[in-house]
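Everything below concerns the one structure shown next.
The values are calculated or read from the model by the stated rules, or taken from the named source; none is laboratory data. Since we're looking at a predicted model, the values are computed, not measured. Glycine gets a Cβ as well: all are built from the backbone with ideal geometry, and neighbour counts include every protein chain shown. Protein only, heavy atoms only, side chains kept; ligands, DNA and RNA dropped before computing areas. Shrake-Rupley method; radii C 1.70, N 1.55, O 1.52, S 1.80 Å.
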Amino acid sequence: MAAKQDQIMTERASFLVVGGDSLVGGGLLQALEHRGQTAYASTRRRETVDDHRVFLDFESDTPYIAPRDVGYAYIVAAATNYDRCEKDPLAHKINVELTPNLIVSLLEQGVFVTFISTNSVFGGERPWPHEDDPHTPGIAYARQKHDAERVVLEKARQLGAEQSLNIVRLTKILDRNTSPLPAWFSAWQRGEVIEPFSDLIFAPMSVQFVGEALATIGERRISGNLHLSGAENVSYVAFAKALAAKIGIGADLLAPSTATGKGIHIAFKPTYSGLGMQRTTALTGVRPQTLSEVVSDLLSPT
Ligand SMILES: NC(=O)c1ccc[n+]([C@@H]2O[C@H](COP(=O)([O-])OP(=O)(O)OC[C@H]3O[C@@H](n4cnc5c(N)ncnc54)[C@H](OP(=O)(O)O)[C@@H]3O)[C@@H](O)[C@H]2O)c1
């Protein structure tokens with residue numbers, strides 16, 4: 001039995017990243033490549049399809065069949081815009097119906113699946129929620145991810161495929177192009193002041209960290225609920241200070257402000273953003289990413 005399982009894993013050793021053009025998908029593909037893994041990226045851009053870029057659109061009526069050598073799929077793609085999730089019925093359909101349908105189909109094809117979810121399912125009022133804690137989603141995006149998690153888990157149970165599924169919730173992910181970083185960098189280059197918000201809290205991680213951690217989870221085929229998180233809940237002011245200090249920018253180019261004071265509506269404004277990673281660390285060895293590691297990754301040459 002174990003020998004048969006090993007044979008299946010060798011024959012189907014490739015990975016599929018659904019949503020290869022996304023921020024997280026890009027980081028994950030890079031990590032898998034560095035590790036010498038074979039990985040396919042899915043795209044909705046037909047003109048970019050090649051040997052390792054496969055076409056996949058949740059909205060297509062054609063059932064999706066994974067390449068024969070794929071044994072593990074990461075479902076990274078989603079309708080991610082908060083405002084769109086509030087207003088567009090198609091976003092709800094993509095997140096709560098079409099994504100779970102794809103996951104069920106992949107499980108039926110014998111593929112191990114990671115479904116990427118979010119810290120926002122916990123609502124943001126409880127510090128460091130654990131992997132199996134109850135949810136209290138507020139905004140539409142969070143409710144949709146919560147509903148999708150429930151549907152996927154229920155269907156996996158019905159199929160007897162619970163051991164071939166994990167749900168990985170993430171906190172905020174940054175690369176150099178994530179807003180507001182490009183605006184901050186150009187302001188500092190011009191010697192101008194930036195005005196980060198003190199009333200917006202997050203627990204940031206770098207895209208490099210998330211890519212590596214997801215690759216580890218996939219290689220080890222760990223089932224159940226898992227978390228990847230920054231190690232600290234920080235305001236954008238604290239984050240900007242850490243970034244400025246590392247680059248050597250003086251405190252005079254940093255003027256704290258508030259989103260409230262500027263009349264900017266922010267849909268998800270958690271008191272606590274970070275996720276507890278106790279189970280994840282015990283099973284994978286991956287620890288929450290410290291703020292100083294996030295800053296180093298952001299400033300490292302690409
Ligand atoms: N970014 C974060 O800080 C963060 C935090 C927590 C959780 N997450 C979760 O992590 C995942 C990735 O987030 P991200 O920020 O990297 O995403 P993103 O950059 O916004 O990209 C979303 C991806 O989904 C694809 N997509 C959307 N609708 C689709 C459809 N109908 N069929 C096929 N593909 C479709 C898009 O394809 P196109 O490229 O063709 O548009 C795009 O590649 C999401 O599940 C998100 O909820 C992200």
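Structure data summary
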read-out: Neighbours by Cβ (under 7 Å, 6+ apart or cross-chain): first from region 214-239, under 27 Å from LEU16 (Cβ atoms); second acidic (Asp, Glu) and not in a strand (DSSP E or B); value: SER223/GLU162; ASN225/GLU131; ASN225/ASP132; LEU226/GLU131; HIS227/GLU131
read-out: Among residues of region 113-162, those that are at positive phi and touching a Cys at 6+ places or on another chain (Cβ under 6 Å), counted; value: 0
read-out: Evaluation of LEU107 against (1) open to solvent by 40 Å² or more (accessible area, probe 1.4 Å); (2) in a helix (DSSP H, G or I) (one fails), failing number; value: (1)
read-out: Of all residues making up region 45-83, the number that are within 20 Å of VAL111 (Cβ to Cβ), of a type outside the set (Val, Ile, Thr) and either assigned to a loop (DSSP other than H, G, I, E, B) or free of Cβ contacts under 8 Å to residues at least 40 places away in the same chain (or both); value: 16
read-out: Residue tally, condition within 16 Å of the ligand (Cβ to nearest atom) and closer than 23 Å to TYR82 by Cβ, over region 108-127; value: 11
read-out: Count - residues of region 89-104 that are touching a residue at least 60 places away in the same chain (Cβ under 8 Å) and either away from the ligand (no atom under 13 Å from the Cβ) or outside any helix (DSSP H, G or I) (or both); value: 0
read-out: Criterion: within 19 Å of SER117 (Cβ to Cβ) and aliphatic (A, V, I, L, M) - qualifying residue of ALA267, ALA240; value: ALA267
read-out: Residues within region 65-88 that are within 12 Å of the ligand (Cβ to nearest atom) and closer than 28 Å to ARG221 by Cβ, tallied; value: 7
read-out: Single unsatisfied condition, THR62 versus (1) at pLDDT 95 or above; (2) of a type in the set (Val, Ile, Thr); (3) open to solvent by 40 Å² or more (accessible area, probe 1.4 Å); (4) within 13 Å of the ligand (Cβ to nearest atom); value: (1)
read-out: Residue identified as out of contact with any helix residue (DSSP H, G or I) (no Cβ under 9 Å at 6 or more places or on another chain), of a type outside the set (A, V, I, L, M, F, W, C) and open to solvent by 40 Å² or more (accessible area, probe 1.4 Å) among LYS241, LYS262; value: LYS262
read-out: In region 110-165, the residues that are touching a helix residue (DSSP H, G or I) at 6+ places or on another chain (Cβ under 7 Å), more than 30 Å from ARG68 (Cα to Cα) and open to solvent by 50 Å² or more (accessible area, probe 1.4 Å); value: HIS130, THR136
read-out: Given (1) surrounded by fewer than 17 Cβ atoms within 10 Å (Cβ to Cβ); (2) touching a Leu at 6+ places or on another chain (Cβ under 6 Å); (3) among the β-branched types (Val, Ile, Thr), index of the condition THR280 fails; value: (1)
read-out: Boolean, LEU28 is more than 8 Å from the ligand (Cβ to nearest atom), in a helix (DSSP H, G or I) and under 26 Å from LEU153 (Cβ atoms); value: yes
read-out: Only one of VAL151, VAL193, VAL168 that is within 26 Å of LEU283 (Cα to Cα) and touching a Leu at 6+ places or on another chain (Cβ under 7 Å); value: VAL168
read-out: Hey, THR48 surrounded by 20 or more Cβ atoms within 10 Å (Cβ to Cβ), within 11 Å of the ligand (Cβ to nearest atom) and over 23 Å from SER229 (Cα atoms) or not; value: no
